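See below for the structure under consideration.
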Amino acid sequence: MTRPPTSRDLARLAGVSQATVSRVLTNNPKVNPETRARVLRVLEEANYIPNALARAMKTGRTDTIGVFMTRVTSPFHAELLDEIGRVLSALGLHMILWNIEHDPEESVGKMIQQRLVDGFVLTSATYDSSLHTIAVASGTPTVLLHRGIDGLDCDQVVGDNWQGAYDAGRYLAEAGHTDIGLVTLEHTGNTSRDRDLGFRAALADAGIRIKPRNVLTVGVPHADGHAAAQKLLSAKKPPTAIYTVTDLLAFGILDGARALGVRVPGDLWVIGFDNTDLAAWESFDLTSVEQPVHAIVETGIDLLRRRIENPDRPAEIITLPCPLKIRKSTANTPWRS
């Protein structure tokens with residue numbers, strides 16, 4: 001079997017030194033254009049694919065980004081992952097995905113410290129996890145996307161969850177709802193916390209008190225939203241509107257309402273959070289607060305690339321607006337933003 005050409009073979013074919021071939025492969029600007037063109041022509045004719053490990057040893061770069069994520073099958077995380085892959089690919093970068101939902105934190109932490117990639121993207125940071133602090137302490141450039149951690153000296157790009165939730169609450173109050181349900185999650189990070197507190201603040205400012213029986217803290221799955229709807233809507237005086245902190249739970253609430261014969265929006269208004277692609281499907285037509293996934297990812301990857309080039313620059317925390325998107329689950333009632 002014919003062996004693949006080495007950089008020494010390519011240097012001989014191009015009539016240059018091996019060092020010159022190496023400079024062309026690493027895009028060194030010191031190579032004059034005529035020489036670069038000759039070397040590139042030889043590379044193309046030889047169908048040469050540089051050894052990634054050898055290039056990494058020379059340049060200190062792998063052109064690979066490590067992405068840490070949980071719940072990769074949920075509608076929102078699937079969209080987030082797809083956008084991260086799209087942005088990295090457009091930049092000529094590769095992605096290694098670690099689904100950390102089922103891996104022991106200790107083993108993931110050891111892997112982080114091995115510095116296998118040029119940078120880390122963390123999308124599921126929580127208060128009770130140490131992975132984000134291990135990543136930052138490892139010295140590998142790190143950015144948090146979607147979920148931030150207060151007080152962490154690290155680049156972070158998040159949606160304005162508090163304001164988005166506040167707008168959802170104000171929208172329901174201005175539409176005349178006073179019996180309102182809140183289906184929320186345990187606050188493992190500032191995302192769910194802000195989506196809860198912002199909504200409560202809007203109702204408080206409107207003089208509306210959420211009845212304790214209308215507040216449910218549930219798990220993440222669609223089934224939990226379905227069960228929450230069954231409980232809230234089976235009460236003697238059910239809420240006329242339900243807000244929940246994720247679209248996935250809202251889909252469960254819509255399905256649970258249908259199972260009880262509750263009409264949406266005739267008997268019940270429903271608002272979710274994330275504005276996933278599924279929210280616009282006719283079977284849901286869900287009013288939802290939008291997570292600006294495209295902007296979050298593009299901004300975050302830009303920060304990460306800048307961090308790779310300049311590790312000592314000050315950390316930035318960027319918050320992007322989360323607009324309310326009105327659909328039929330709230331009767332398409334206009335919203336004054």
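Does residue 152 satisfy the criteria of being among the aliphatic types (A, V, I, L, M) and touching a Phe, Trp or Tyr at 6+ places or on another chain (Cβ under 7 Å)? Spelling it out, it is not the case that residue 152 is among the aliphatic types (A, V, I, L, M) and touching a Phe, Trp or Tyr at 6+ places or on another chain (Cβ under 7 Å). Scanning region 268-287 for residues that are touching a helix residue (DSSP H, G or I) at 6+ places or on another chain (Cβ under 8 Å), surrounded by fewer than 23 Cβ atoms within 10 Å (Cβ to Cβ) and not hydrophobic (A, V, I, L, M, F, W, C) yields 277, 285. Is region 230-243 home to any residue that is of a type in the set (Val, Ile, Thr), crowded, with 18+ Cβ neighbours inside 10 Å, in contact with a strand residue (DSSP E or B) (Cβ under 9 Å, 6 or more places away or on another chain) and within 16 Å of residue 268 (Cβ to Cβ)? Scanning region 230-243, I find at least one residue that is of a type in the set (Val, Ile, Thr), crowded, with 18+ Cβ neighbours inside 10 Å, in contact with a strand residue (DSSP E or B) (Cβ under 9 Å, 6 or more places away or on another chain) and within 16 Å of residue 268 (Cβ to Cβ), so the answer is yes.
I need the full set of residues from region 266-286 which are of a type outside the set (D, E, K, R) and in contact with a strand residue (DSSP E or B) (Cβ under 9 Å, 6 or more places away or on another chain), in order please.
Restricting attention to region 266-286, the residues satisfying the condition of being of a type outside the set (D, E, K, R) are 266, 268-273, 275-276, 278-281, 283-284, 286.
If the condition is that a residue be of a type outside the set (D, E, K, R) and in contact with a strand residue (DSSP E or B) (Cβ under 9 Å, 6 or more places away or on another chain), then 268, 269, 270, 271, 272, 273, 275, 276, 279, 280, 284, 286 are the ones that fit.
Name the residues in region 203-229 that are surrounded by fewer than 16 Cβ atoms within 10 Å (Cβ to Cβ) and polar (S, T, N, Q), would you? Matches in region 203-229: 217 only. When region 244-263 is filtered for residues that are over 25 Å from the mean Cα position of the chain (by Cα) and surrounded by 21 or more Cβ atoms within 10 Å (Cβ to Cβ), the ones remaining, listed by number, are 256, 257. Given the condition at pLDDT below 95 and surrounded by fewer than 19 Cβ atoms within 10 Å (Cβ to Cβ), answer yes or no: does some residue in region 179-187 qualify? Among the residues of region 179-187, at least one is at pLDDT below 95 and surrounded by fewer than 19 Cβ atoms within 10 Å (Cβ to Cβ), which makes the answer yes.
Scanning region 179-237 for residues that are in contact with a helix residue (DSSP H, G or I) (Cβ under 7 Å, 6 or more places away or on another chain), of a type in the set (S, T, N, Q) and over 27 Å from residue 129 (Cβ atoms) yields 214, 230.
Would you confirm whether or not region 110-126 contains a residue that is on the phi > 0 side of the Ramachandran plot and at pLDDT below 90? First the steps, then the outcome.
First, pick out the residues of region 110-126 that are on the phi > 0 side of the Ramachandran plot: 115.
Still in the list and also at pLDDT below 90: 115.
Within region 110-126, one or more residues are on the phi > 0 side of the Ramachandran plot and at pLDDT below 90.
Among the residues of region 126-157, just one is within 22 Å of residue 290 (Cα to Cα), surrounded by fewer than 24 Cβ atoms within 10 Å (Cβ to Cβ) and of a type in the set (A, V, I, L, M), namely 149.
Flag set for residue 195, criterion: in contact with a strand residue (DSSP E or B) (Cβ under 6 Å, 6 or more places away or on another chain), farther than 24 Å from residue 302 by Cβ and basic (Lys, Arg).
The values are calculated or read from the model by the stated rules, or taken from the named source; none is laboratory data. Owing to the predicted nature of the structure, the values given are computational and were not obtained by experimental measurement. Neighbour counts run over all protein chains shown; Cβ positions are idealised from the backbone, glycine included.
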